[in-house]
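Trainee: Here it is: the structure, laid out below.
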Amino acid sequence: MKISVRRQNLRRVAVLVGALGLAAPLLAQVQQARQAAAPAAQAPAGGGQIGNEKSFPEIASGKWTGPRLADGQPDVQGHWSNTISNHSNFTDPNLGAPGDRRRGELPPREQRAPSRVSDPADGQVPFQPWAAEKVKEFQQYFANPIKPEYIEPLARCAPGGVPKSFYWHGYEIRQYPGYVVLLFNSGTRIIHLDGKPHLPENIKLWNADSRGHWEGNTLVVDVTNNNGKALFGRTGEFSSENVHVTERYIFDNSNKRYNYVATFTDPTVYTRPFTVTIPAKRWTADDKPNGWHFETNLANHDGKEKILERDERICTENNGGFGNTAVTAKK
Amino acid sequence: MKNTETSSAPDALPRRRALGASLLLAAGLIASPLLGGEVLAAETAVSGKIPRLANGKPDFSGIWQTTSAADYDLEPHSNRRDAPPGPGIVEGNFIPYLPAALEQKKKNFANRETADPAAKGFALGVPRTVYYPEPFQIFQRKQDVTVVPQFGHAVRTIHTNGSKHPAGEAKEYWLGDSRGHWEGDTLVVDVTDFNDETWLDRAGNFHSEAFHVVERWKYIDPNTIEYKATLEDPKVYSKPWNISVILHRHREKNFQLIEDYRFTLDYDQYYPPKKP
């Protein structure tokens, strides 16, 4: 019988707990964070499989001339991903996570990909002083998380939330009358297009509560009820549960790219609103799955058409960090 | 829970079934006198115009939930401290466990408070998602049916594009691999490629990785789905058995799913950073 990933990890933690006499919950968390750190740290800086655009085209909001669904929505269904690194670093995406040893081998800042903060112009989140201190503290202890709050929540299988889900692994967009559904590697967002009111404001969610509508080529989404817990990446930037986000998904009429442009407002954490811009590209059946931005299988069927399928996404069940799938081949 | 306990069971059927075999099983279901009668009765009982996709197939889009006590225990049970009483949803009342598996079920029941995967916030799997006492939402296109449960994050896709189970070695998914086809207005779904981690309810009823489920989804009226399933697992049960449950459409004004990532509650308190 196979030994599942979950059992292996539990066993390893148990041995450590016994040897060191440490409190199990904290140790398990630290253990997860360390295990999880390895693959993600290698992926972006290694180039190759992870897209590392140094710049990207601006896309103007305007008319949609591409395909439409029967209900009139622009048809943007399919598999998409970010094109620059991942969640390791929010404002300097190529730099890697705090403590990444390869930092010294990188070109100077102006030759690296731009900050995801597109406004203000300095590329920094306009934190209030206390919040800036908290971010600094998180980065200082990221590689040595002596307290639970220094563990990036995604390493504990928490949903990626807003906006981190968009620069984590690739994801799928499915559309239905009244809905746009985003299936991320860790978490799911249902964007309601029917104009119903937001949830009562005391309900706070990892993926927040989304109300959207289409303006030509642009999906405009009002995002509230965010619990603020997901953090923006391994560099620890954050919002509070008071954050209000206005997202604009601006699709190019080629239907091959879109830019995610979102304004974050939270008077309890920031000194002013700021804007996040994340470029995205489409993946198709002609692309090869690459283990990060594009993770799909081809359907088994009698026809010749290549049909993409997506494995279930499972994480906490395996006691392993990040969006592991539970799939293991039988012996 | 596992196979040391059930190793005396006969060998599993070949894991990689051709879709044809599944269709035969589904066909067998219809032919069985009991079920056949019920299906016919239900078909004549359909009232009102059911929603349909552009291709004419029934459209199950909506938010659904059972009112049954099935998730507490699929079998008939009296009340107990952690469960209301319920008549059960198993045809013939009891699950035909093999002797060793029945012993394992009893152990599961005794340890249910902590051993139930749902108590940890884990994926409910198939068929438990359908009768767990929280709503789930169905999104439907011609080529697939997407099931998003409120509880947990495990999104299930039922493929209705004529594709088959994955070729090659069997996979071990929490949700299984779901391939559906239409028999009249009934969506028949063949589900294979399971792992052995999920439970069927919080009473400890369980299955192995040889689990095979055939579901039948059909409208009774525009706001009610009759859900039936045949559950088969030669390592755990002596014969296939059937369950049946009714699903009601949520029609409250502005009703929506509210994500329930129960497993994050253990570390919820640590985020986000607080102002000193």
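Trainee: Using the Karplus equation 6.51 cos²θ - 1.76 cosθ + 1.60 (θ = phi - 60°), what ³J(HN,Hα) coupling, rounded to whole Hz, does each residue of segment B:138-145 give in order, writing x for Gly and Pro?
Mentor: 9, 10, 10, 10, 4, 8, 7, 10
Trainee: Follow-up question, since we're still on this one. May I ask you to give the average projected area over all directions of the convex hull of the Cα atoms of segment B:123-276, in nm² rounded to one decimal?
Mentor: If you wrap the Cα atoms of segment B:123-276 in a convex hull and average its projections, you get 12.6 nm².
Trainee: Restricting things to alpha carbons, tell me how big segment A:57-162 is in terms of Rg and Dmax, in Å.
Mentor: Gyration radius and largest Cα-Cα distance of segment A:57-162: 18.3, 54 Å.
Trainee: How high is the relative contact order of segment B:19-251, in percent, with contacts defined as C-alpha pairs under 8 Å that are six or more residues apart?
Mentor: Worked out over segment B:19-251, it gives 23 percent.
Trainee: With an 8 Å cut-off on Cα pairs and a minimum separation of 6 or more residues, tell me the relative contact order of segment A:132-243 in percent.
Mentor: 24 percent
Trainee: Using Cα pairs closer than 8 Å and at least 6 residues apart in sequence, work out the relative contact order for segment A:197-254, in percent.
Mentor: 32 percent
Trainee: Please compute the average number of Cβ atoms from other chains found within 10 Å of each residue's Cβ in peptide B:156-167.
Mentor: 4
Trainee: Oh, and also: Within segment B:80-174, which trypsin sites (Lys or Arg not before Pro) sit in a loop by DSSP and count at most 11 neighbouring Cβ atoms inside 10 Å?
Mentor: The qualifying sites are B:Arg81, B:Lys142.
Trainee: If eta is 1.567 mPa s and T is 4 °C, what Stokes-Einstein diffusion coefficient results for segment A:5-318, Kirkwood Rh from Cα pairs, in µm²/s?
Mentor: Approximately 63 µm²/s, per Stokes-Einstein.
Trainee: Looking only at Cα atoms, what is the convex hull volume of segment B:19-251 per residue, in Å³? Could you put the intermediate results ahead of the total?
Mentor: Values: hull volume 29.0 nm³, N = 233.
Cα convex hull per residue, to the nearest whole number: 125 Å³.
Trainee: OK, next. How many percent of the alpha carbon pairs in segment A:158-206 exceed a separation of 14 Å?
Mentor: Summing the P(r) tail past 14 Å for segment A:158-206 gives 56 percent.
Just so you know, all these numbers are worked out from the coordinates, no wet-lab data involved. A quick note: this is a predicted structure, and the numbers were derived from the prediction, not measured. Positions of Cβ are generated from backbone atoms using ideal geometry, with glycine treated the same way; all protein chains shown enter the neighbour counts.
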